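The values are calculated or read from the model by the stated rules, or taken from the named source; none is laboratory data. The shown structure was predicted, so the numbers you read here are calculated from the model rather than taken from an experiment. Cβ placement follows ideal geometry from the backbone for every residue including glycine, while neighbour counts extend to all protein chains displayed. Just the protein is used for accessible areas: all its heavy atoms, side chains included, with ligands, DNA and RNA removed. Shrake-Rupley method; radii C 1.70, N 1.55, O 1.52, S 1.80 Å.
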Amino acid sequence: MKKDEILYLNLILFHVGIGFLVFVLPFFSKIYGYLIFILWALYIIKKQNKNNEALMAAAYVVGSEVFLRMTHGNPLYEISKYGVMVFIFLGMYFSGFSKNATPYWIFLLLLVPSVVLTTFVLNFDTNMRNTIAFNISGPVCLGVSSLYTFRRKISLDQINSILLSMGLPIISCMVYLIFYTPNIRDVITSTQSNFETSGGFGPNQVATILGMGMFIFFSRIILESKTKYLVIINLIIALNITYRGMVTFSRGGMVTGFLMIILLIFFLYTKSNFAGRVKLNYLIVLLSIAMAATWAYTSFQTGGLIDKRYANKDAAGRVKESRFTGREEVAKGEINIFLDNPIFGVGVGKGVEVRKAETGDGTLSHDEITRMLAEHGTLGIIGLLILFFTPLFLYLENKFNMYLLCFVAFWFFTINHAAMRTAAPAFVYSLSLLNVYFSEIPKRKIVPNL
C-alpha cells in the first residue's frame, strides 16, 4: 500500500473514531467543535495560505456543521457561517481577493437597504440582532466567500482536496447516526421526515449534508480511486452515507446529491476520449448496481415505506395532497408580500412577522428565493440574477471546471428546500467561481485517471 493510501485510510479511520467517541462521550463534541476553529486557524497562519488552506478549513467547517449542531458541539448555532467568513478573511489577508469580483460587491450592497429597513419595522419584542443575523448571515457568507474564490486559479487536485476536507467530518456524522439508530425498523412507522434516524436533529439539514457527502465520495470513486482498494473504500463510504441519508426520509438533500452525480458523469462523458468513455461505462454500471442494491436494502429495512415516501404517498399508500409538506403555502405567502412591497421588500426577518399577522402561521421559510423576494424586493431579484448567471458566464470561459454545474445545482436546489440554514449552499456556491485547471494540461480530450 502506498504512503498516500495509508494517509487516506488513517484520515478516514480517525473520523470514524470521532463519530464513535462523540456518541460514547457526548461532551467530546464541544471539544471537537472548539478544536476545529483553533487548529485550522493556526494551520492557515502557519502555511500563510500558500495552497488555499483557507478553503480547506472553510470546507471542513461546512462538513462538520450539521454534526456539531446535532450533538450540541457548536459554541454558537450560527458559528459555522462566521467561521467560514473568518477563514476566508484570513485567506484574503495572505493571498488577497479578486479585484474583478464586482458582481459580488454589488450583491452585498443590494442586501444593505433591507437590513436598514429592518431596524425600523421589526416588532418591539423581537430580538433585532438575532433576527437580522439569522436571516442575513447565509447571503453574506456567500458574498464574502465569492470575493475570495472569483476566478482564483486552483488545480483539480486542490479542489478534490477541498472536497475531501468537507467529506471527512460527514463520515463522523454518518458513524454517529449508525450508533444513534442501529435498528432502522424500530423507528420508521410513517413516510414523514424522521428525527430518530437523523440523530434527533432536523432531517432536512441532515439529508442535505449527507447528500453532499454522497456526491463527494462517489466523485472520488470516479476521479481519485487509482486502485481497486480505493474504489472499495470509497464505495463502502458512499453507500453507507447514501443509506443513512435515505432513511432520514427527507428527500431534497438526497435528490440534489444524486443530480450532482449525474451532472458530473455527464460532464466527464462529454470531455473524455473513447478510452475514457469505455472506463466510464464500467463505472456507471458499477455505480448503478450499487445504488440499486442500496435502494433495495433501504426498501427492505423500511418495509417499503421509502418507496411510498419518494412516490409522495402516506403509509397507507394514499397520494398526499401536498408534495412539499405545506411549504408551498409559505412560498405563496412570501410572493404575495413581495407583490405588496415590490421595491425594498418588508425588511430582513419581517416576512415571518407579516405572515403570522395575516395567517397566524409563523413557520420559517424553507425557500431562500421567495424569502429574498419578500424581504429584499426587486433588489433581491437583482441579487438572485447575479448569483445565478455569473457562474454560468464563467463556465463559458472555463469549461474544464467539471464541478461548476454540480456546485451551482447544489446551491440552487438546496436553497429551494432548506433555504440557507447552513453554510453549505453559500460556500459550495463560491467554489463554482474557481478557475480550475489540470496539473498537467492534456494534449487530447481526456479526463485524468480515466
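Of the set (1) surrounded by 12 or more Cβ atoms within 10 Å (Cβ to Cβ); (2) within 29 Å of residue 434 (Cα to Cα); (3) over 22 Å from the mean Cα position of the chain (by Cα); (4) not aliphatic (A, V, I, L, M), all apply to residue 53 but (3).
Among the residues of region 224-245, the ones that are aliphatic (A, V, I, L, M) and either touching an Asp or Glu at 6+ places or on another chain (Cβ under 6 Å) or open to solvent by less than 20 Å² (accessible area, probe 1.4 Å) (or both) come to 4 in all.
I need the full set of residues from region 138-155 which are β-branched (Val, Ile, Thr), part of a helix (DSSP H, G or I) and more than 12 Å from residue 82 (Cα to Cα), in order please.
Selection gives 149 alone.
Only one entry in 89, 67 is open to solvent by 50 Å² or more (accessible area, probe 1.4 Å) and closer than 30 Å to residue 19 by Cα, namely 89.
Quick one: which helices (runs of 4 or more DSSP H) sit completely within region 1-73 and have at least 3 residues that are modelled with pLDDT of 95 or more, more than 27 Å from residue 207 (Cβ to Cβ) and in contact with an Asp or Glu (Cβ under 9 Å, 6 or more places away or on another chain)? Show your work before the answer.
Working: elements: 3-24, 28-47, 53-70.
In region 1-73, 28-47 are the helices (runs of 4 or more DSSP H) which contain 3 or more residues that are modelled with pLDDT of 95 or more, more than 27 Å from residue 207 (Cβ to Cβ) and in contact with an Asp or Glu (Cβ under 9 Å, 6 or more places away or on another chain).
Residues that are free of Cβ contacts under 8 Å to residues at least 60 places away in the same chain and under 26 Å from the mean Cα position of the chain (by Cα) were ranked within region 297-309; the one that is least open to solvent (accessible area, probe 1.4 Å) is 298.
Scan region 164-223 residue by residue and report those that are more than 20 Å from residue 28 (Cα to Cα), outside any helix (DSSP H, G or I) and open to solvent by 10 Å² or more (accessible area, probe 1.4 Å). Within region 164-223, 182, 183, 187, 188, 189, 190, 192, 193, 194, 195, 202 qualify.
Of all the residues in region 1-13, those that are touching a residue at least 12 places away in the same chain (Cβ under 8 Å) and closer than 19 Å to residue 165 by Cα number 5. If you go through region 127-140 and keep only what is under 16 Å from residue 103 (Cβ atoms) and surrounded by 22 or more Cβ atoms within 10 Å (Cβ to Cβ), you end up with just 139. Does residue 221 fit the bill of being in contact (Cβ under 8 Å) with a residue 24 or more places away in the chain and of a type in the set (Val, Ile, Thr)? Yes, satisfied. Within region 310-350, if we keep just the residues that are of a type in the set (Asp, Glu) and either at pLDDT 85 or above or farther than 20 Å from residue 415 by Cβ (or both), the residue that is surrounded by the most Cβ atoms within 10 Å (Cβ to Cβ) turns out to be 334.
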